[in-house]
Amino acid sequence: MAILANEIDIDLVDRIIDRSGSDPEALIGILQDIQTEWHYLPLPALSHIADRLGIPYNRVWAVVTFYEAFTLEPLGKYHIQICTGTACHVRGVAEIVRALEDELMIETGHTTPDGEFSLECAHCLGACSMGPVIAVGDEFFGHLTRSKALEIIEELRKRSGVDLK
Amino acid sequence: MKITSPAKLRDTRNDLSGRQAEFSLTVTVCGGTGCRSSKSLAVFNAFNKELAKRGLSDSVRLIMSGCHGLCEKGPNVLIEPGSIYYCRVKPEWANEIVESTIQKGELIEKYMLIGLKTKESAGNQNGSQVHPYQVREILKNNGKIDPLDIGDYITHGGYESLSKALFELSPENVIEEIKKSRLRGRGGGGFPTGRKWESCRKIQADSKWVICNADEGDPGAFMDRSVLEGNPHVVIEGMIIGAYAVGAHGGRVYVRNEYPLAVHNLTVAIEQARKWGFIGENILGSGFNFDIRINRGGGAFVCGESTALMASLEGKPGEPRAKYIHTVEHGYRDEPTVLNNVETWANVPGIVLYGADKFRELGTEGSPGTKIFSLVGKINNSRLVEIPMGTTLRRLVEDIGGGVPNKKKVKAVQTGGPSGGCLPESLFDLQVDFDALTEAGSMMGSGGIIVMDEDTCMVDVAHYFIKFLVSESCGKCTPCREGLKEMDRILGKITKGEGESGDLNYLEELGEWMKAGSLCALGSSAPNPVLSTLNYFRDEYMMHIADNKCPAGVCKNLIEYHVIEKNCTGCTLCAKVCPTGAASGVTKQPHSIDTVLCIKCDECYKACKFEAIGK
């Protein structure tokens, strides 16, 4: 435990828990703040939360695995959210998903081995007028076609200074 | 600066209105999610810079508002007075707009919305040109006020309704008025709000709760988000009035964490409301205490269900429980709880202030008032609309939405979210209200309307919703968990061309079984997408099974791309966009597609301007 705890800043976890008043009811909010900080949920943080809130570890685990928003896998530098809401679906987003999965050689919900990209399907990004649409961080790219989506990946790779080809 | 009495509220309003009158013009940049994603923040900054440069910052008020509703044309900029509406505004235009329109009072026609291109027709923003056929009651201040400024809300009559409720009406009077208005829950179920409140009022308890359900999980729906982002105080005011009516002192807003702007605007609004004395101890000097806390959701669709939402508020997995224990008696923390959604709460201040009779002037007998819809999908004008209940689907799709793009034929609309249903074009004269939609085999849901055209495969759409529900079912009860998986399997088979003759009857049988046996509304309405498409589009299912054909050209296993030679001009566009080199040919000669190389990505079909690609 001590070794694992060294991997993350436990003090920061404590500060997040303190902010919520160590209330078991605030568990979901605490996990969200942890994920905002690390972009995933590090396991040592989870056991620490269980200890601090005085609840069984399996309760924390149940919540983490129930809610779609939580991930135990570190997200990539570019976290790509593909909108798979109904409006984007009828406008053909399935083909964009396929193209990005093929290009990045990962399935949605995962991160490339080099840690550059992660793909996620979001149920609705609320930019239906631009569909099919993806968001990379705060940046939105709309009216996508297969080739436009692939150009965005190229662009992001250039930004990163990484040429994987 | 606490407001401690109704008189002080009126004084403050007069004072604020006076200060706003000092501005000669107001420029409102739309800050809804749609416009933000088309970079309206840059437009706002450009105007800010331009106004400062010309020394106009003190005479022209610049605000970033909530969603104006014209998402397709964003980023939108509204200039008042005069209701001059500029669309698809680019930051580079700020210079010209400030110089011509703001300084010289001239319209720049090329930037205006079609139909608004003369000064005479510019008219009122609430009038017929920008929002034809709409009646904007809930959204009337969206686009007018700065959601981060409580003063703006107060200037527009905000918290007057609360003042009336606290000082002129008893809690029973408030409930009576809500009952008389026949307001029904806008979250989907359509349960009479007044009855819910009355049941909760009657229960004796030390602690009661009011909850706002802002876990808008339907894909393609952004009504609640737009209200929270654009006018958070109207929801807060509704909740305080509701709390007063039922005797609650604690409030919770359960909002999607995926809505960062809504969370932010609501957080700021609650802080301001507390600072000004609208929530907290001794509200407006009335002796009534009430406070609100925000909880961010974990991204589970099932948490839209009231008991699941309450479990989630308690920090547990969002699993629903049996319905016979009523939440008005045993809800959040096992205490009496009233839960309504964002739009329902937003309706409350208007009903209390102007009366139930006024509210009932709009809408139908069984579903009075207006309803906000997000109109999206295969439609020319994706937008947020507010219409009186009883407006026909045809008016929505054709007159308000501007019909389907690219001269395609409209095929259906889907209402009610993932567990709603698909209604065919032949039913477009249906008057939209709670009962009419349910009768037609769909439901109101929270108000997402997704338009589909002839290129949409109804089997694929049904499969899409079922796949969504498979991943969102909490797994607690068997009919929903296993029924959905089985439906997913059968629909997968059909879309792959492996369907068998008994499949459709089996799907219907499964659907009835899920409706009857599921624990919560998510499970019992889950078969709706399948049952409604089977009801209205059975032929399309049959073509998949019997003929191995997908008439809409969506199901990959059942289509093969080919060039229709008589239409092909040899423009080479298909060859250019084809990622695998399957489409090829000589310039000005009919092209061809190599079916071995073809990955069926649909790029050539979308690119071709001569309808020369068949599938």
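The values are calculated or read from the model by the stated rules, or taken from the named source; none is laboratory data. These numbers were taken from a predicted model, which means no experiment stands behind them. Heads up, the Cβs are rebuilt from the backbone with ideal geometry, glycines too, and the neighbour counts pull from every protein chain shown. Areas reflect the complete protein model, heavy atoms only, side chains present, ligands, DNA and RNA absent. Shrake-Rupley method; radii C 1.70, N 1.55, O 1.52, S 1.80 Å.
For region A:78-160, what is Rg from Cα atoms divided by 2.2 N^0.38 Å, rounded to two decimals?
Normalised by 2.2 N^0.38 Å, the Cα Rg of region A:78-160 equals 0.97.
To the nearest hundred square angstrom, how large is the accessible surface buried between B and A, total for both chains, probe 1.4 angstrom?
3600
Looking at region B:19-131, I'd like the Rg to Rh ratio, where Rg is from alpha-carbon atoms and Rh is Kirkwood's inverse mean 1/r.
Ratio of gyration radius to Kirkwood radius for region B:19-131: 0.93.
Can you pull a Stokes-Einstein diffusion coefficient for the protein assembly as shown at 25 °C (0.890 mPa s), Rh from Kirkwood over Cα pairs, as a whole number of µm²/s?
In µm²/s, the coefficient rounds to 89.
In Å and whole numbers, how far do the C-alpha atoms of region B:124-227 stretch along each principal axis, longest first?
50, 36, 27
Please report, as a whole percent, how much of the solvent-accessible surface of region B:533-615 comes from carbon and sulfur atoms (probe radius 1.4 Å).
52
What are the GluC sites (Glu not before Pro) within region A:83-130 that DSSP puts in a loop, where the Cβ has at most 10 other Cβ atoms within 10 Å?
A:107
Specify, per residue and in Å³, the volume enclosed by the convex hull of the alpha carbon atoms belonging to region B:475-517.
Given the Cα convex hull of region B:475-517, per-residue volume reads 50 Å³.
Once you list every other residue whose beta carbon is under 15 Å from the beta carbon of residue B:62, what net charge do they have if Lys and Arg are +1 and Asp and Glu are -1?
Summing Lys and Arg as +1 and Asp and Glu as -1 gives -2.
Just to confirm a number: summing +1 for Lys and Arg and -1 for Asp and Glu over residues other than residue B:209 whose beta-carbon lies under 9 angstrom from that of residue B:209, what do you get?
Its environment carries a net charge of +2.
Below 12 angstrom from the Cβ of residue B:478, what's the summed charge of the other residues (Lys, Arg +1; Asp, Glu -1)?
Net of charged neighbours comes to +1.
In chain B, what % of DSSP beta bridges are antiparallel (nearest 5)?
Around 55 percent antiparallel, to the nearest 5.
In degrees from 0 to 90, rounded to the nearest 10, what is the angle of the helix A:27-38 Cα long axis to the longest principal axis of chain A?
That helix lies at roughly 60 degrees to the long axis.
Could you give the radius of gyration (one decimal) and Dmax (whole number) of the Cα atoms in chain A, in Å?
So, for chain A, Rg and Dmax equal 18.2, 52 Å respectively.
Report the rotationally averaged projected area of region B:560-614 based on its alpha-carbon convex hull, in square nanometres.
Orientation-averaged projected area of the Cα hull: 3.0 nm².
Helix A:146-160 against the longest principal axis of chain A: what's the angle in degrees, Cα atoms only, rounded to the nearest 10?
Taking Cα atoms only, the helix is inclined about 60 degrees.
Jot down the per residue volume, in cubic angstrom and as a whole number, of the convex hull over the alpha-carbon atoms of region B:458-546.
So the per-residue Cα hull volume is 72 Å³.
Quick check on region B:370-453: what does the Kirkwood estimate of hydrodynamic radius come out to from the alpha carbon pairs, in Å?
Its Kirkwood hydrodynamic radius stands at 12.2 Å.
Nearest 5 is fine: what % of DSSP beta bridges in the protein assembly as shown come out antiparallel, could you say?
Approximately 55 percent, going by the DSSP bridge assignments.
Using a 1.4 angstrom probe, figure out how much accessible area the protein assembly as shown has per residue, in square angstrom, rounded to the nearest whole.
Roughly 39 Å² per residue, with all protein chains present.
Are there any helices in chain B, counted as whole DSSP H runs, that stretch 18 Å or more along their axis by Cα and score at least 1.0 on average by Kyte-Doolittle, and if so which?
The answer, listed by residue number, is B:232-246.
Based on alpha-carbon atoms only, what is the radius of gyration of region A:1-87 relative to the globular estimate 2.2 N^0.38 Å?
Against the empirical 2.2 N^0.38 Å value, I get 1.15 for region A:1-87.
Determine Rg/Rh for chain B; Rg is computed over alpha-carbon atoms and Rh is the Kirkwood hydrodynamic estimate from the same atoms.
On the Cα set of chain B, Rg over Rh gives 1.01.
Less than 13 Å apart at the alpha-carbon level, and either on another chain or at least 8 residues along: which aspartates and glutamates does that give for residue B:476?
Once the sequence-local aspartates and glutamates are set aside, what remains near residue B:476 is B:319.
Could you please state, rounded to a whole Å, how far the C-alpha centre of region B:497-536 is from the C-alpha centre of region B:280-330?
Each part reduced to its Cα centre gives a spacing of 31 Å.
With a 1.4 Å probe and every protein chain kept in, tell me what percent of the accessible surface of region A:78-160 is carbon plus sulfur.
Carbon with sulfur: 52 percent of the solvent-accessible area.
Convex hull volume of the Cα atoms in region B:217-332, per residue, in Å³?
107
Post the alpha-carbon centroid distance, region B:406-459 to region B:20-78, in whole angstrom.
35
Give me the percent of accessible area attributable to carbon and sulfur for region B:322-372, probe 1.4 angstrom.
Accessible surface attributable to carbon and sulfur in region B:322-372 totals 51 percent.
Considering every pair of different Cα atoms, what Kirkwood radius, in Å, is found for region B:151-359?
16.8
Out of the DSSP beta bridges found with both residues in region B:151-359, what percent are antiparallel (nearest 5)?
The antiparallel fraction comes to roughly 10 percent.
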